[in-house]
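The values are calculated or read from the model by the stated rules, or taken from the named source; none is laboratory data. Since the model is a prediction, treat every value here as computed from it, not as a measurement. Cβ sites come from the backbone with ideal geometry, for glycine too, and all protein chains shown count toward neighbours.
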Amino acid sequence: MLRLKLPTDPRWVDIAEKNISEILTDHAYCEQKAASSAISFIVQYPEYPELVDAMAALAKEEMEHFEMVHDQIKKRGYELGRERKDSYVAELRKFFKGGDRIRQLVDSLLLAAMIEARSCERFRVLSEGLDEPELKEFYADLMKSEAMHYTMFLKFARTIGGSILNVDKKWNDFLDYEAIVIQEFGAKKEIHG
């Protein structure tokens, strides 16, 4: 369903398990950034009422996920660490070359879809590979949300940009690019690392 071209190396789950406090902190900030991104869509593109409605709901949901991850951190006696720069996302941004307002919106929607797709895939790896039953279930549940977010962003990109560009071709090219980018990641104590 996700159509990612390169799966996560299954050994990444071992890194994650040995550094679960770091993974949980990074995950919490991923949720916070997703909420901020949803709000940015509202602020930058208020002329799309369906997008505004969807992003308002998404911002709430992502902050609920932040709280859920923070609860997992506290339950284990950890503290929420400092936010880190997401190098994976920074590399993905390099794919886009800019353009008019609609193209920039489509690019932002495709970027959000890719982040959600890879997060979904990473959550699946965690749900299948972690030893702790509670965290396995936690990530299995969140994986479903990420899949819905991925499809929502892709649908908006197709709806908004379909009349001016071949969104599916751009998405396929972006999938190829992401496969090259992700080769450099998978050994860090980060959700996308």
For this session: Mind listing whichever residues of the range 90-102 are crowded, with 17+ Cβ neighbours inside 10 Å and not in a loop (DSSP other than H, G, I, E, B)?
Result: Glu91, Leu92
For this session: Keeping to the range 130-142, report how many residues are farther than 24 Å from Leu92 by Cβ and part of a helix (DSSP H, G or I).
Result: 8
For this session: Determine if the range 10-23 includes at least one residue that is assigned to a helix (DSSP H, G or I) and of a type in the set (Lys, Arg).
Result: yes
For this session: Scan (1) of a type outside the set (A, V, I, L, M, F, W, C); (2) closer than 26 Å to Lys18 by Cβ; (3) surrounded by 15 or more Cβ atoms within 10 Å (Cβ to Cβ) for the single condition Glu132 breaks and write down its number.
Result: (3)
For this session: Report whether or not Val52 is in contact with a Leu (Cβ under 7 Å, 6 or more places away or on another chain) and either in a helix (DSSP H, G or I) or of a type outside the set (Asp, Glu) (or both).
Result: no
Problem set entry | Selected residue (criterion: nearest to the chain's Cα centre (by Cα)) from residues of the range 73-114 that are closer than 30 Å to Arg158 by Cα and aromatic (Phe, Trp, Tyr) | Tyr88
Exercise. Looking at the range 148-163, is at least one residue buried (at least 19 other Cβ atoms within 10 Å of the Cβ), within 23 Å of Glu67 (Cβ to Cβ) and in contact with a Phe, Trp or Tyr (Cβ under 6 Å, 6 or more places away or on another chain)?
Worked result: no
Problem set entry | Number of positions in the range 33-71 that are surrounded by 17 or more Cβ atoms within 10 Å (Cβ to Cβ) and either among the polar types (S, T, N, Q) or at pLDDT below 95 (or both) | 1
Seminar exercise, completed: The number of residues in the range 115-162 that are more than 18 Å from Met55 (Cα to Cα) and either of a type in the set (D, E, K, R) or over 12 Å from the mean Cα position of the chain (by Cα) (or both) is 22
For this session: Identify the single condition in (1) in a helix (DSSP H, G or I); (2) at pLDDT below 90 that Gly186 does not satisfy, given that it satisfies every other one.
Result: (1)
Exercise. So which of Val69, Val52 ends up being within 18 Å of Phe153 (Cβ to Cβ) and of a type in the set (A, V, I, L, M)?
Worked result: Val52
For this session: Return yes when Asp176 is touching a residue at least 24 places away in the same chain (Cβ under 8 Å) and in a loop (DSSP other than H, G, I, E, B) and no when it is not.
Result: no
